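Trainee: Let me give you the structure first, and then I'll get to my questions.
Derivation of every value follows stated rules applied to the coordinates shown; laboratory data play no part. Treat the numbers as computed from the prediction; the structure is a model and nothing was measured. So basically every Cβ, Gly included, is an ideal-geometry build from the backbone, and we count neighbours across all protein chains shown.
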Amino acid sequence: MTNPIADPIVEVPDTDAMSPLVHIDSTPEGAVTVWINRPEKKNAFDGETIAALAQAFETLHGAEGVRIVFLRGVGGTFCAGADLEWMAAAAEWDEDDNRADALELARMLKALHDIPALTVALVEGAAFGGGAGLVAACDHALAAADAKFAFSEVKLGLTPATISPYVIAALGPRTSKLLFATGRVFDADAAWSYGLVDEVFDDVEGLVAAQDALIEEVILCAPGAIGDAKALVNDFAFEKIDRGLIDDSARRIARRRVSDEGQEGVRAFLGKRKPNWMAEG
């Protein structure tokens, strides 16, 4: 899973054309791993890293055949938050410059959130500040037992504003208030209890085994249907179940039933054969 596939059948970004701060691997099954590649800085953010991640995430919006996207850090650390040199530079900027800079981070997180494929954070080592925000912006999160998390902005006199929509959605307002206001460091088990991660594994080997198991699951699923299924949750969560929502839900399933994937899936099921999206790569 960690090695690039020479001839993937999915359309993914050309790593060679991208910043070396981000590396992308893909498999013929439609599994992509986006690696944050600043191990000497514990994969901390700076402006260039944010831009490189945004480019990768935005490109994956239109990638054909991608079912699942994993986000991981090179070198045993997920993301240590903000780079110290970047923070020092920002301290000298005026409010307008800081707003423009913060918007780049906010847009990158939204680009991650909007990837049609299922997104999964694979966390080992530190996930602090914006790094923890990346975890929250993913659809699913798996962590090794050694992982540590914190929303530590208040200890610097700041607030986790740009990451807050995703953290609040994942943890709820009550827990978010506690973790935002204290800046406490918490371990993987606590992250599980708070709802920031969904499963915890004893070691990295367990994390990778879980990654492989997820790939085996999504191989069975149509890529377009995965994106539409995610959209159902994004669009319908917490909405009032009224006539408009009911009509919208009916329109969506009707559109799926007449789609190429919907037609192929039903016919394959009735014909007791594999659908074409399960063809061998």
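Trainee: Sort 222-230, 63-71 by packing, meaning the average of other beta carbons within 10 Å per residue, with the highest value first.
Mentor: Highest mean packing first, the order is 63-71, 222-230.
Trainee: If you don't mind, there's one more thing I want to ask. Along Cα→Cβ, 7 Å out, is where each label goes; now give me the distance between the ones at Glu199 and Ala225 in nm to one decimal.
Mentor: So the two model labels end up 2.1 nm from each other.
Trainee: Here is a further query. Starting from the Cα of Lys41, draw a straight line to each of the aspartates and glutamates and keep only those under 13 Å, dropping any in the same chain fewer than 8 residues away.
Mentor: Partners found: Asp83, Glu85.
Trainee: Output the relative contact order of segment 15-218, whole-number percent, from Cα pairs under 8 angstrom with separation of 6+ residues. It would help to have the intermediate numbers written out before the result.
Mentor: On the way: 385 pairs, mean separation 36.8, N = 204.
Result for segment 15-218 is 18 percent.
Trainee: Quick one: what are the phi-derived ³J(HN,Hα) couplings along segment 112-119, Karplus 6.51/-1.76/1.60 with θ = phi - 60°, whole Hz, x for glycine and proline?
Mentor: 5, 4, 8, 4, x, 5, 5, 10
Trainee: Given the DSSP H assignment, sum -39500 (n - 2.57) over each helix run of at least 4 residues in the chain and divide by its residue total; what's the result at 222 nm in deg cm²/dmol, nearest 500? All intermediate terms of the calculation are to be shown ahead of the outcome.
Mentor: On the way: 11 runs with 130 residues, N = 281.
For the chain, the value works out to -14500 deg cm²/dmol.
Trainee: In nm, give the distance between the simple-model label positions of Ala254 and Leu232, each being 7 Å from the Cα along the Cα-to-Cβ direction.
Mentor: About 1.7 nm separates the two model spin labels.
Trainee: If you count, for each residue, the other Cβ atoms within 10 Å and average over each peptide, how do 132-143, 27-38 line up from highest to lowest?
Mentor: Listed from highest to lowest mean packing, they are 132-143, 27-38.
Trainee: Also, quick follow-up: Please turn the phi angles of segment 159-176 into ³J(HN,Hα) values with the Karplus equation 6.51 cos²θ - 1.76 cosθ + 1.60 (θ = phi - 60°), one per residue in order, whole Hz, x for glycine and proline.
Mentor: 9, x, 5, 5, 8, 4, x, 7, 5, 5, 5, 7, 9, x, x, 5, 5, 4
Trainee: Please determine, in degrees from 0 to 90 and to the nearest 10, the orientation of helix 243-258 with respect to the longest principal axis defined by the Cα atoms of the chain, where the helix direction is its Cα long axis.
Mentor: Around 60 degrees separate the two axes.
Trainee: Over 20 Å between C-alpha atoms is what I'm after, so list which of Lys42/Lys148; Lys110/Lys230; Lys110/Lys155 land there.
Mentor: Beyond 20 Å: Lys110/Lys155.
Trainee: Could you pull out every one of the aspartates and glutamates with an alpha carbon less than 13 Å from that of Lys240, ignoring same-chain neighbours closer than 8 positions?
Mentor: Asp248
Trainee: Please list 3J(HN,Hα) in residue order for segment 46-53, calculated via the Karplus relation 6.51 cos²θ - 1.76 cosθ + 1.60 where θ = phi - 60°; whole Hz, with x for glycine and proline.
Mentor: Calculated HN-Hα couplings, in order: 9, x, 5, 5, 4, 5, 5, 5 Hz.
Trainee: Size of the dipole of the chain about the Cα centre, Lys and Arg at +1 and Asp and Glu at -1 on the beta carbon, nothing else charged, in debye to 20?
Mentor: 1180
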